[in-house]
Amino acid sequence: MQLCWAGRSFPRSTGRTLSADGGTRIIFLLISVAAFCRVAATLSLSNAYLSHLSALAFLLFVARYGAWLLRPRLR
């Protein structure tokens, strides 16, 4: 929920258009899949590696939106 809020407010705060491009869609798809994988990982101890997908999705989110926040505002 927090990432969705940040995904909507960060583009506006940095002067970008409020639209989801391909990269943003992939990141949020990975976040959704990661949520499912975390549940699956807790049900099966042998598949604990599935929880690493959530870390990957979060790192992609931080890389995408963190770069925007570190640069000057566009408008």
Inset, instruction - Taking 7 Å along the Cα-to-C-beta vector as the label spot, tell me the ALA67-THR42 distance in nanometres, rounded to one decimal. - result: 3.3 nm
Inset, instruction - With +1 on each Lys and Arg Cβ and -1 on each Asp and Glu Cβ, and nothing else charged, work out how big the dipole of the chain is about its Cα centre, in Debye to the nearest 20. - result: 420 debye
Legend entry - Positive-end residue of HIS52, CYS4, VAL39, charge dipole of the chain with Cβ unit charges: CYS4
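Read-outs: derived from the displayed coordinates by stated rules, not from any lab. All figures in this text were calculated on a predicted structure; none of them were measured in a lab. Cβ atoms come from the backbone with ideal geometry, glycine included; neighbour counts cover every protein chain shown.
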